[in-house]
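The values are calculated or read from the model by the stated rules, or taken from the named source; none is laboratory data. Not measured: the values here are computed from a predicted model. Cβ coordinates were reconstructed from backbone atoms using ideal geometry, including for glycine residues, and neighbour counts include every protein chain displayed. Quick note on the areas: whole protein, heavy atoms, side chains included, nothing else; ligands and nucleic acids left out. Shrake-Rupley method; radii C 1.70, N 1.55, O 1.52, S 1.80 Å.
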Amino acid sequence: MNDYQELERQPPEITAQFQLKKVMETLATVQRASPFYQRLFLAHSLNIHDIKTWREFQLIPPTTKDDIQEFNWDFLCVDRSAVTEYTSTSGTLGKPVTIALTASDVKRLAYNEYRSFECAGGGSSDLYQLMLTMDRQFMAGLAYYEGIRRLGAGVVRAGPGFPSMQFEIMQRLRPTIIVVIPSFLLKLIDYAQANAIELNKLSVKNAICIGESIRLEDLRLNAIGRRIADSWNIGLLGTYAATEMQTAFTECSHGKGGHLLSELIHVEILDSGNQPVPPGQPGEIVITTLGVEGMPLVRYKTGDIASMFEEPCACGRTTPRIGPIVGRLQNMIKLKGTTVYPPAVVETIHEQPGINDYVIEIYADEFKTDRIKVWLAVDDSMQPTIQEKLIERFQSTIKVTPDMVFVPQREIEIMQGAGGANRKIKKIVDRRGQFAH
Ligand SMILES: [Zn+2]
């Protein structure tokens, strides 16, 4: 065990003490070298050398994605010549953000993923099949690849898509672990069933599920997770990360949320007034990077909503864990006094058999009140039953009943933008614009 593998089994007070010291180092770096943070500290009359406690640290105003979008290069703490790798966010939520890494940051990224894969039960004798993009400035692709090399395991860079090719590789090279988006895992299962491939006779023992949640807020598997588990007897381990964090939160085999790597990142869960929420309650994930050289971030608001769990895990680690992302702050919907995120609506639809396709439309009515309309394609004979079931389910899951419209499959496809310029089809259409709430 290295020092940090021991640290993550120590009482939380010891970890907190250690993290405070590391946070001070991040503050000293940004004070010395980041024009953005120099201005921020000056504007709020903050002398970082006066910060000695977590309470004092919490007085630093959080950084937002808008800040990075507007002042991207004012976050860089090294000379441009020291940058070895430029990664970027996907840009699905506005202008993409560039995160520049030094050679030391790439090493840190590799270490982070090595620790994550190890937490998820991987070792040097494993063979990983990566079903994801390795280029396009995608940080995670680089992280997984470098992390696997550090682990001393084998890697197959299969790339995304093409179930037939994925199975051909699985049969030829016998990988033990696949790294994959859960919705693509469903496509693999469909392909296997249509082509008489016996999934449980393959060599795969675990799937590291990236990009989408496989769990509900209470950590049980969600509808997608259950569908996978029903068809394929493999371990499903979730992992959560965002480019800006340069760090992942990955589940151990107990599947109780992604473990914090306390030597790499500090995390807070805050409410809309930037106050901490109690453990187990959803709030915004706010991070401070530790040990980052190129673009360190202090109290960065990720826009992702999740709960943090603090009780010790059965694996022996005492580090807090982050539960599944329940939604993005930008897509929050206020319905008759309750807060709803689109994934909760999606989950209810996924749970209901007989729905061929759907689109969730979010809009503001003439009183600027948020409304949800669910467009559904089902077989005509099923419509009354499905409508009745959904009304009942929505009442118990999101406490309101959205408007439901039953239309032919073709209309759904048009709404999703299928076949258009966008490669990705849209199942959630948010028409509220920036002033909606
Ligand atoms: Zn654990």
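Data overview
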| item | result |
| --- | --- |
| 3J(HN,Hα) from dihedral phi, region 297-309, Karplus parametrisation 6.51/-1.76/1.60, rounded to Hz, x for glycine, proline | 10, 10, 6, 7, 8, 6, x, 8, 9, 7, 10, 10, 10 |
| Hz values of 3J(HN,Hα) by residue in region 192-206 - Karplus curve (6.51, -1.76, 1.60), Gly and Pro given as x | 4, 5, 6, 10, 6, 8, 8, 4, 6, 9, 6, 7, 5, 10, 9 |
| Beta bridges by DSSP in the chain, antiparallel share as percent, to the nearest 5 | 65 percent |
| Nonlocal amide H pairs with residue 429, under 5 Å, H built at 1.01 Å | 360, 361, 362 |
| Burial ranking of peptide ranges 37-49, 295-307, 172-184, 334-346 (average Cβ count within 10 Å, highest at the top) | 295-307, 172-184, 334-346, 37-49 |
| Residue-normalised accessible area of region 205-298, expressed per residue, 1.4 Å probe, Å² | 33 Å² |
| Packing-based order for 318-331, 210-223, using average beta carbon neighbours within 10 Å, highest first | 318-331, 210-223 |
| Net charge, residue 295 excluded, C-beta distance under 11 Å - Lys, Arg +1, Asp, Glu -1 | -4 |
| Relative contact order of region 144-280, defined on C-alpha pairs under 8 angstrom at six or more residues apart (%) | 16 percent |
| Cα→Cβ-extended label distance, 7 Å offset, between residue 334 and residue 426, nm | 2.3 nm |
| Long-range HN-HN contacts of residue 156 with modeled amide H, under 5 Å | 128, 129, 130 |
| Note, ³J(HN,Hα) from phi for region 124-140, Karplus 6.51, -1.76, 1.60, rounded to Hz, x at Gly and Pro | 5, 8, 7, 10, 9, 10, 8, 9, 7, 5, 9, 10, 6, 6, 7, 4, 4 |
| Cα shape, region 197-273, gyration tensor, a/c 1.5 rule | prolate |
| Global form of the chain, assessed from the alpha-carbon gyration tensor, a/c cut-off 1.5 | oblate |
